[in-house]
Amino acid sequence: MFELHEIPLERSFGPIAKPVWEFIEQGLQRGKSIACFDYVPSNYDVVYAALEALPRGRFCEWGSGMGIITGLAAMLGFDAHGIELDASLVTASRQLLADFGLSATIETGDYFELRHAADIYFVYCWPGQVWRVEEHFLATASDTARLLVYFGPEDFRCEVPREVT
Ligand SMILES: C[S@@+](CC[C@H](N)C(=O)[O-])C[C@H]1O[C@@H](n2cnc3c(N)ncnc32)[C@H](O)[C@@H]1O
């Protein structure tokens, strides 16, 4: 049986390159015209700094919104995939990724129902839903995977499974 425990989340403190900022700004700009109550952008320089410090591998964003984090992961060399429920966001994020020449993929659907194998999962959901995300992660992810849970720029956590006897 496994439970989750938090491990330190390293950050890279290097400057963010101009093309990366342009991608972020374009995503934020385009996202403003999409009416989706559930879509709240995270703080992308904070997330980028954490992704940059992680070992590369397969990345999956649960609730990918405008696909900005999925795109940042692709820019950093991850094999990146996003899952998003809102059809308008799916269309807009695919267009954004294509416009910036990024090969990351966005899948339409409910991440509680879809399975996408990854080494690192990212989620920014309502705080009251985190327990359900954690249960879903434990039930579906490999026991070497990491779950990045974003609550806000000052509270960004990395959780990993730990076997309990
Ligand atoms: C708070 S926003 C975060 C967006 C993006 N991850 C970011 O950090 O900028 C949450 C996103 O998750 C999507 N979402 C919520 N529940 C979902 C579910 N069960 N399956 C797929 N997407 C979901 C919402 O439509 C919204 O775009």
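Is it fair to say F37 is aromatic (F, W, Y), free of Cβ contacts under 8 Å to residues at least 40 places away in the same chain and near the ligand (Cβ under 9 Å from one of its atoms)?
For F37, the condition - aromatic (F, W, Y), free of Cβ contacts under 8 Å to residues at least 40 places away in the same chain and near the ligand (Cβ under 9 Å from one of its atoms) - is met.
Step by step: first the residues of region 64-122, then only those that are among the aromatic types (F, W, Y) and within 14 Å of the ligand (Cβ to nearest atom), then the one that is nearest to A141 (Cα to Cα). Which residue is that?
The residue in question is Y121.
Report, ordered by the first and then the second residue, all pairs with beta carbons closer than 7 Å, sequence separation of six or more or different chains, a first member in region 111-130 that is over 18 Å from G152 (Cα atoms), and a second member that is aliphatic (A, V, I, L, M) and near the ligand (Cβ under 8 Å from one of its atoms).
Close Cβ pairs satisfying both conditions: Y111/I83; L114/I83; H116/I83.
Being within 15 Å of V149 (Cα to Cα) and either of a type in the set (A, V, I, L, M) or surrounded by fewer than 10 Cβ atoms within 10 Å (Cβ to Cβ) (or both) is the filter here; which residues of region 1-27 pass it?
L4, I7, P8, L9
Going residue by residue through region 95-103, is there one that turns out to be hydroxyl-bearing (S, T, Y) and either under 26 Å from S33 (Cβ atoms) or out of contact with any strand residue (DSSP E or B) (no Cβ under 7 Å at 6 or more places or on another chain) (or both)?
Among the residues of region 95-103, at least one is hydroxyl-bearing (S, T, Y) and either under 26 Å from S33 (Cβ atoms) or out of contact with any strand residue (DSSP E or B) (no Cβ under 7 Å at 6 or more places or on another chain) (or both), which makes the answer yes.
Run down R58, R30 and say which single residue is more than 9 Å from the ligand (Cβ to nearest atom), within 14 Å of the chain's Cα centre (by Cα) and more than 18 Å from Y150 (Cβ to Cβ).
R58
Go through region 57-96 and give me each residue that's touching a residue at least 12 places away in the same chain (Cβ under 8 Å) and β-branched (V, I, T).
Matches in region 57-96: I68, I69, T70, I83, V90.
Only strands (runs of 3 or more DSSP E) wholly contained in region 48-165 count here; list those with 3 or more residues that are more than 24 Å from F13 (Cα to Cα), out of contact with any Pro (no Cβ under 8 Å at 6 or more places or on another chain) and not aromatic (F, W, Y).
Filter on region 48-165 gives 79-84, 105-108, 155-163.
We did not get these values from a lab; they are worked out from the coordinates using the rules stated. These figures come from a predicted structure and were not determined experimentally. We place every Cβ from the backbone using ideal geometry, glycine too, and count neighbours over all the protein chains shown.
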